[in-house]
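Values in this text are rule-based calculations from the coordinates and carry no lab data. The structure displayed is predicted, hence computed values, not measured ones. FYI the Cβ positions are ideal-geometry reconstructions off the backbone, even for glycines, and counts take in every protein chain you see.
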Amino acid sequence: MTAIQLNAALHRELSHIVTDDTMMERALKSLRKIRRERKAELMQQDATRQVAAGLRQAFNELKQVQEGKLEAKSIKELFDELRD
């Protein structure tokens, strides 16, 4: 379904319950729950992307160290970096 079709279908369904306050409240509660769940999903996806990017960077730096293109950091430097 396209966005326009979905929007029309949603309005049709709402028009059937618009006179019933209880059903409208339930519909609103359900829509808010869906929105919160989607927000949580998006936040989880963003966190996953950030972790993946960090791992890619770490492995790239490790490869550069192994190739002699980058100097390895001391353990103290690594701990200091983690603290910041």
How far, in nm, would the chain grow between Gln64 and Glu77 when pulled straight, counting 0.36 nm per residue and subtracting the alpha carbon separation? 2.9 nm
Compute the longest continuous run of the chain that contains no exposed trypsin sites (Lys or Arg not before Pro); treat a site as exposed when its DSSP state is not H, G, I, E or B and it has at most 16 other Cβ atoms within 10 Å. 1-68
Length added when fully stretched, Asp84-Val51, from 0.36 nm per residue minus Cα-Cα: 10.2 nm
Quick one: which residues, 5+ away or cross-chain, put their amide H under 5 Å from the amide H of Leu70? H built at 1.01 Å from N. Val65
Would you work out which of Leu10, Thr22, Val51 lies farthest towards the positive end of the dipole of segment 3-83, given +1 charges on the beta-carbon of Lys and Arg and -1 on that of Asp and Glu, about the Cα centre? Thr22
